[in-house]
Amino acid sequence: MQNNETIQLALENLNIKELNSMQKAALTEASGKNDLILLSPTGTGKTLAYLLPLLNILRQDTNEVQVLILAPSRELAIQIETVFKQMNTQWKTCCCYGGHSSNDEKKNILENHPAVIVGTPGRLTYHISVDTIKPATIETLIIDEFDKSLEYGFQDEMSEIISQLTGLKKRMLLSATDSEEIPKFTGLNKTTKLNFLPEDSEELESRINLMKILSPTKDKIDTLYNLLCTLGSQSCIVFCNYREAVDRVSNLLTAKKLYNERFHGGMEQPDRERALYKFRNGSCSVLISTDLASRGLDIPEVENIIHYHLPVNKEAFTHRNGRTARWKASGASFLILNDEENQPEYITENIELLTLPEQPPRPSKPEWVTIYIGKGKKDKLNKIDIAGFLYKKGKLGHDEIGSIDVKDHYAFVAIRRTKVKQMLSLIQGEKIKGLKTLIEEAE
């Protein structure tokens, strides 16, 4: 491997000691001349499988964009950029997506000369059309969650982008499902296909305890509430089939004083980021979502999946359940059925019927609280600055500060609930790194 030392340093920066078999195979094949199709289930580390080979492909003798990575969702694009930055290589990256300033992206590209650009199809089409991105310099194209991109209707945008990449030398397509036919617009030439999809889903299913719960009424909200109370403080993703249903379920649970966050494609990007951050850092244990959260998101250690609405097909069912029992862990999956619904035909086994207690105690408040800080990377603020400020001015101990997430214009910090009021009182009127800013509990 020509850049073996660079790859090893990247792995050390990611605190990864050993690659899995899929990642090892991808590193070997993606560094070669053939185009690559990589099929592997959600949660197996595909992002690293295509980012590491770039260290064998990227050149040092140019300031032009060399690699374009397409992702179907903003969250996946941000996640890819985050992993690339954590590798701490000499190459720069820029993430482009809707919901925030395109001018910031233009400035980043024109001033910082990223070698790798990650983005959603719509925003990347825009940047190419206004000449921010010079498509002729791009030599490597990667499409992550390719099947999801087609499902979301991005075929026209992807086709338009690829048609302008006249200097392409390599294409990589990543997917969690197999497809009988790859669309011609991808332009795949001599192709290597790595298929790490299980021949059946028995291995995953063996680690998921699947149960069903019968709702005595057509409206399942009371049954859902009882289930969440029964599960207590365990982490849960509740899947609904529509955005409007997510909003309704979230509002009804909130009215019952059960704290939750919602997540769907109709929300503003900062609201989506805040919801995911709260769920990841433990300051919220219940996330109500559409299938947008079933793939392409880094949400570790989800203990329970709840199908409030039945998945539209077996594939959707599998992807939802794939959010739990990741990396050989175990998890639970619950189907809530009313008297007008039957167990889906694609679930052939007998499912255990779970009877819920009539009045389980409402879960206690989460141990962590998310704090919002109104300054971010663009203000030269980083994690070390924030942690130091909270240690010194907020009088917090190391075990009283959780994860810190710094965005361009703001930051989030997880603080132990027992220390929040005291900390906010102590830092009132204080400046962080010489900056006066708003610091408050995130709504």
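The values are calculated or read from the model by the stated rules, or taken from the named source; none is laboratory data. Computed from a predicted structure; not experimentally measured. Cβ sites come from the backbone with ideal geometry, for glycine too, and all protein chains shown count toward neighbours.
Here's the yes/no breakdown for (1) crowded, with 22+ Cβ neighbours inside 10 Å; (2) more than 16 Å from the chain's Cα centre (by Cα):
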| position | (1), (2) |
| --- | --- |
| Pro53 | yes, yes |
| Ala71 | yes, no |
| Ile80 | yes, no |
| His113 | no, yes |
| Gly119 | yes, no |
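Which numbered condition trips up Ile347, out of (1) in a loop (DSSP other than H, G, I, E, B); (2) out of contact with any helix residue (DSSP H, G or I) (no Cβ under 9 Å at 6 or more places or on another chain)?
With (1) in a loop (DSSP other than H, G, I, E, B); (2) out of contact with any helix residue (DSSP H, G or I) (no Cβ under 9 Å at 6 or more places or on another chain) applied to Ile347, the lone miss is (2).
Within segment 31-51, how many residues are of a type in the set (Gly, Ala, Ser) and within 19 Å of the chain's Cα centre (by Cα)?
Here the count works out to 4.
Filter segment 252-271 for residues that are closer than 17 Å to Val369 by Cα and touching a residue at least 24 places away in the same chain (Cβ under 8 Å) and give the result.
Lys257, Leu258, Tyr259, Asn260, Glu261, Arg262
Can you tell me which residue is modelled with the lowest pLDDT among those in segment 137-156 that are surrounded by fewer than 19 Cβ atoms within 10 Å (Cβ to Cβ) and assigned to a helix (DSSP H, G or I)? I'd like the intermediate steps shown before the answer.
Kept after step one, since they are surrounded by fewer than 19 Cβ atoms within 10 Å (Cβ to Cβ), are these residues of segment 137-156: 137, 150-153, 155-156.
Narrowing the set further to residues that are assigned to a helix (DSSP H, G or I) leaves 137, 150-151, 155-156.
Details: Thr137: 96, Leu150: 84, Glu151: 78, Gln155: 89, Asp156: 89.
Ranking the candidates gives Glu151 first.
Find the strands (runs of 3 or more DSSP E) located wholly in segment 201-286 whose residues include 2 or more that are surrounded by fewer than 20 Cβ atoms within 10 Å (Cβ to Cβ), and list them.
Correct list: 208-214.
Any residue at all in segment 386-396 that's among the aromatic types (Phe, Trp, Tyr), surrounded by fewer than 16 Cβ atoms within 10 Å (Cβ to Cβ) and either under 25 Å from Cys96 (Cβ atoms) or modelled with pLDDT under 95 (or both)? Reasoning before the result, please.
Filtering segment 386-396 for residues among the aromatic types (Phe, Trp, Tyr) gives 389, 391.
Filter once more, so that each one left must be surrounded by fewer than 16 Cβ atoms within 10 Å (Cβ to Cβ): 391.
Filter once more, so that each one left must be either under 25 Å from Cys96 (Cβ atoms) or modelled with pLDDT under 95 (or both): 391.
Yes.
Out of all the residues in segment 356-372, is one or more closer than 30 Å to Ser215 by Cα and touching a strand residue (DSSP E or B) at 6+ places or on another chain (Cβ under 9 Å)?
So far as segment 356-372 goes, yes, one or more of its residues are closer than 30 Å to Ser215 by Cα and touching a strand residue (DSSP E or B) at 6+ places or on another chain (Cβ under 9 Å).
Return only the number of the condition from (1) within 25 Å of the chain's Cα centre (by Cα); (2) in the same structural domain as Asn342 (by TED's automatic domain parsing); (3) not basic (Lys, Arg) that Tyr225 does not satisfy.
All conditions pass for Tyr225, except number (1).
How many of the residues in segment 390-439 are farther than 24 Å from Val83 by Cβ and either of a type in the set (A, V, I, L, M, F, W, C) or in the same structural domain as His100 (by TED's automatic domain parsing) (or both)?
12
Any idea which of (1) in contact with a Leu (Cβ under 7 Å, 6 or more places away or on another chain); (2) modelled with pLDDT of 90 or more is the one Asn281 doesn't satisfy?
Of the numbered conditions (1) in contact with a Leu (Cβ under 7 Å, 6 or more places away or on another chain); (2) modelled with pLDDT of 90 or more, the odd one out for Asn281 is (1).
Table: residues versus (1) among the basic types (Lys, Arg); (2) under 28 Å from Asp298 (Cβ atoms).
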position: Asp147; (1), (2): no, yes
position: Phe154; (1), (2): no, yes
position: Ser159; (1), (2): no, no
position: Gln164; (1), (2): no, no
position: Arg171; (1), (2): yes, yes
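Out of the residues in segment 169-198 that are among the small types (Gly, Ala, Ser) and in contact (Cβ under 8 Å) with a residue 40 or more places away in the chain, state the one that is farthest from Ile37 (Cα to Cα). Working first, answer last.
Step one: filter segment 169-198 for residues among the small types (Gly, Ala, Ser), giving 175-176, 179, 187.
Next cut, in contact (Cβ under 8 Å) with a residue 40 or more places away in the chain only: 175-176.
Values: Ser175: 8, Ala176: 11 Å.
The extreme case among them is Ala176.
Just to be sure I understand the filter: pairs with C-beta atoms under 8 Å, separated by 6 or more residues or on different chains, first member in segment 101-126 and outside the structural domain of Gln86 (by TED's automatic domain parsing) and within 25 Å of Thr47 (Cα to Cα), second member part of a loop (DSSP other than H, G, I, E, B) and hydrophobic (A, V, I, L, M, F, W, C). Which pairs pass?
Close Cβ pairs (under 8 Å, with a partner that is part of a loop (DSSP other than H, G, I, E, B) and hydrophobic (A, V, I, L, M, F, W, C)) do not exist here.
Taking into account only those residues within segment 368-377 that are of a type outside the set (S, T, N, Q) and touching a residue at least 40 places away in the same chain (Cβ under 8 Å), which is farthest from Asn108 (Cα to Cα)?
Going residue by residue through segment 368-377, those that are of a type outside the set (S, T, N, Q) are 368-369, 371-377.
Subsequent filtering for residues that are touching a residue at least 40 places away in the same chain (Cβ under 8 Å) retains 368-369, 371-375.
Working: Trp368: 34, Val369: 33, Ile371: 28, Tyr372: 25, Ile373: 23, Gly374: 21, Lys375: 18 Å.
That would be Trp368.
Given the structure, is Lys375 touching a Phe, Trp or Tyr at 6+ places or on another chain (Cβ under 8 Å), under 22 Å from Tyr225 (Cβ atoms) and of a type in the set (D, E, K, R)?
Judged against the criteria, Lys375 is not a match.
Based on this model, can you work out whether Lys375 counts as more than 29 Å from the chain's Cα centre (by Cα), of a type in the set (Lys, Arg) and under 17 Å from Glu443 (Cα atoms)?
Judged against the criteria, Lys375 is not a match.
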